[in-house]
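Reading through the structure tokens given below for one structure.
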Amino acid sequence: MADKDDKNPLDSSRRTMIRTGLVAGGMFGFGFAMVPIYNVFCKVTGLNGKTDPNPYKYDAEKAQVDTSRTIKVQFVATKNTAMSWDFKPTVTEIKVHPGQVGELDFIARNPTDARMIGQAIPSVTPFQATNFLHKVECFCFTTQTLEAGEEKVMPLRIIVDQALPRHITKLTLSYTLFDVTSMGERTLAS
């Protein structure tokens with residue numbers, strides 16, 4: 001008579017394989033969902049300068065430039081490990097007066113032999129300045145598609161708000177570029 005605690009080794013192996021497959025599938029799915037989840041998280045918490053889904057509207061007639069202060073804005077470009085593009089700002093810093101429009105470009109180049117879609121995620125430091133650096137025009141508002149070997153100049157227009165606390169004299173605007181080709185292809189196919 002067989003003991004009730006004896007298990008069929010095939011059933012045990014099958015359960016292990018199913019669990020492993022579910023965990024692997026979940027991890028794979030989570031990897032594709034990270035950018036949209038991160039965007040939602042940042043909009044809810046205000047992290048990384050994503051506090052308002054609507055871009056700042058610059059009104060030149062109402063704008064007042066505070067020439068009594070000069071703010072240094074530094075620019076940093078990084079890539080997620082899965083992103084193969086070349087990505088950099090044309091200048092690493094600019095000086096602006098609060099209320100003045102700061103203009104520069106970022107350059108992205110796809111060195112691969114395949115069409116790719118990228119998404120840049122911004123981050124502002126110091127954190128207290130997040131709500132005072134407004135992106136009037138930014139390549140981060142939408143995904144960027146580059147064909148194989150294509151290079152694109154992507155404009156960035158920013159305004160440092162006049163209400164920026166006086167003790168903050170330097171800001172850093174960082175962008176991390178992610179490869180979202182798989183997500184973009186699924187959206188285009190729908």
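The values are calculated or read from the model by the stated rules, or taken from the named source; none is laboratory data. Since we're looking at a predicted model, the values are computed, not measured. Glycine also receives a Cβ, built like all others from the backbone with ideal geometry; neighbour counts cover every protein chain displayed.
Annotations for the structure displayed:
- Of all residues in the range 94-103, those satisfying the criterion of being in a strand (DSSP E or B) and either out of contact with any Phe, Trp or Tyr (no Cβ under 7 Å at 6 or more places or on another chain) or surrounded by fewer than 14 Cβ atoms within 10 Å (Cβ to Cβ) (or both) are ILE94, LYS95, VAL96, GLY102, GLU103.
- Lone unmet requirement of (1) part of a strand (DSSP E or B); (2) among the hydroxyl-bearing types (Ser, Thr, Tyr); (3) over 19 Å from the mean Cα position of the chain (by Cα) for THR176: (3)
- Residue check for GLN119: more than 22 Å from VAL35 (Cβ to Cβ), touching a residue at least 24 places away in the same chain (Cβ under 8 Å) and either more than 16 Å from the chain's Cα centre (by Cα) or outside any loop (DSSP other than H, G, I, E, B) (or both): no
- Any hit, the range 30-37, residues being at pLDDT 75 or above, surrounded by fewer than 10 Cβ atoms within 10 Å (Cβ to Cβ) and of a type outside the set (Ser, Thr, Tyr): no
- Candidates ASP52, ASP59, ASP5: the one that is surrounded by 10 or more Cβ atoms within 10 Å (Cβ to Cβ) and at pLDDT below 65 is ASP52.
- Sole residue being at pLDDT below 95, crowded, with 17+ Cβ neighbours inside 10 Å, under 22 Å from PHE75 (Cα atoms) and not β-branched (Val, Ile, Thr), chosen from GLN162, GLN119, GLN128: GLN119
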